[in-house]
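Read through the structure below, which is laid out as structure tokens, and then see the notes.
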Amino acid sequence: MDLVIKFNLFQQYQFEAVIHLAAESHVDRSIASPLDFIYTNIVGTANLLNAARAIWADNMNDKRFYHISTDEVYGALGATGAFVETTPYAPHSPYSASKASSDHLVRAYHDTFGMPNVISNCSNNYGPNQFPEKLIPLFINNILHNKPLPVYGQGLNVRDWLYVEDHAKAIDVIFHKGKNGETYNIGGNNEWKNIDLIKNLIQIMDEELGRPEGTSLALITYVKDRAGHDLRYAIDATKLKTELGWEPSIKFTEGFRLTVKWYLNNEQWLKNVTSGNYQKYYEAMYGNR
Ligand code: TYD
């Protein structure tokens, strides 16, 4: 494994800021290949921090290293409550443990080396261009092709969903106005039980595809639960709203419909990303259904 740190790009372009979004992000893949997550998310973040530190060492004042993270670092909630920025970290999957670890490294570089760092932890994103390993694009693709919809466990887990453009706007605000050394939670205030979200998706898909209402409900297939499956995530984004003035702007009904339409209008994109290695992933994950 190549752990050599390469500063070339930083030296060449003298970046003044880094917005670090690059990560392995799918929990199921982290269960199948934990080391990929440790290498990309932990070692990768450490490499970026080192590269930034090497070129910023003389004057860090006007620089910024912004790490984009996940609400999954906080672990799982019961039926009530929401994660705040001071909720203790309690990750359960190799994915969330790797993101927790990279958050700690970012804080350590702030505290130890005075690097001007900021972190945000966001809830589940949905929208165009999301790889169909994640629930919503995977199920859109399956409904389109009349394939079974693998619902983990009883579909009772709860997630908070945020439209991707709202996340992008939050990142813009935090990047320009956030305080160094601070963490900001980003959420959609939009909790859904998986099975309710899936039934809503089926309704929209049947409508958009001109199928009689409820046709695709027959595709719902309950499968073995994900190992260590977190029951519920919910975000309290009060800090971001009161300190920096951000709140979600796109209603779920609007964003969800836009999302479905985007995938239906971009079938070639879907075809491209679901060819090749995707087939192998799908078979290993869900069997050859
Ligand atoms: P996912 O999109 O993988 O996001 P995360 O695990 O980071 O929240 O999954 C969202 C929810 O949907 C989660 O509770 C797991 C569930 N899920 C299924 O039931 N079936 C699936 O095939 C997938 C991918 C997810």
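Here the calculated FRET efficiency for Asp62 and Asn8, from their Cβ-Cβ distance with R0 = 22 Å, stands at 0.45, rounded to the nearest 0.05. Solvent-accessible surface of the chain, averaged per residue with a 1.4 angstrom probe and all protein chains in place: 48 square angstrom.
Element breakdown for the stretch 243-286 at a 1.4 angstrom probe: carbon and sulfur atoms account for 48% of the accessible area.
In plain terms, the chain from His92 to Lys134 could stretch by 13.3 nm, reckoned as 0.36 nm per residue minus the Cα-Cα distance.
For the chain, modelled as a GNM with alpha-carbon contacts under 10 angstrom, which of Gly181, Gly245, Gly44 fluctuates the most? Top of the fluctuation ranking is Gly245.
Of Phe65, Phe256, Phe15, the residue with the greatest mean-square motion in the GNM of the chain, using alpha carbon springs below 10 Å, is Phe15. Extension gain for Asp236-Lys251 works out to 3.6 nm (0.36 nm per residue, less the C-alpha to C-alpha distance).
Comparing Lys63, Lys271, Lys241 in a Gaussian network model of the chain, where Cα atoms under 10 Å apart are tied by springs, the biggest mean-square fluctuation is seen for Lys271.
Apolar share of the accessible surface for the stretch 152-236: 49 percent from carbon plus sulfur atoms, 1.4 Å probe. Taking the C-alpha atoms only, the angle from helix 94-113 to the longest principal axis of the chain is near 20 degrees.
Could you give the semi-axes, largest first, of the ellipsoid that matches the stretch 1-139, computed as the square roots of 5 times the alpha carbon gyration tensor eigenvalues and rounded to whole Å? Please list the in-between numbers first.
Values: eigenvalues 153, 66, 41 Å².
One finds semi-axes of 28, 18, 14 Å for the stretch 1-139.
The mean of 1/r over all pairs of different alpha-carbon atoms in the chain, once inverted, gives a Kirkwood hydrodynamic radius of 20.3 Å. Tell me the angle of helix 164-177 to the major Cα principal axis of the chain, expressed in degrees between 0 and 90 and rounded to the nearest ten. The answer is roughly 10 degrees. The modelled label-to-label distance for the pair Ala54/Glu165, using points 7 Å beyond Cα in the direction of Cβ, is 4.0 nm. Here the peptides 94-103, 140-149, 159-168 are ranked by packing, the mean other Cβ count within 10 Å, and the order with the highest first is 94-103, 159-168, 140-149.
Going 7 Å from the Cα of Ala17 in the Cα-to-Cβ direction, what parts of the stretch 42-70 have a backbone nitrogen less than 14 Å from that spot? 61-68, by backbone N distance to the label point.
The values are calculated or read from the model by the stated rules, or taken from the named source; none is laboratory data. Because the structure is predicted, anything quoted here is derived from the model rather than measured. Virtual Cβ from ideal backbone geometry, glycine too; neighbours counted across all protein chains shown. In case anyone asks, the SASA skips ligands and DNA or RNA and just uses the protein heavy atoms, side chains included. Shrake-Rupley method; radii C 1.70, N 1.55, O 1.52, S 1.80 Å.
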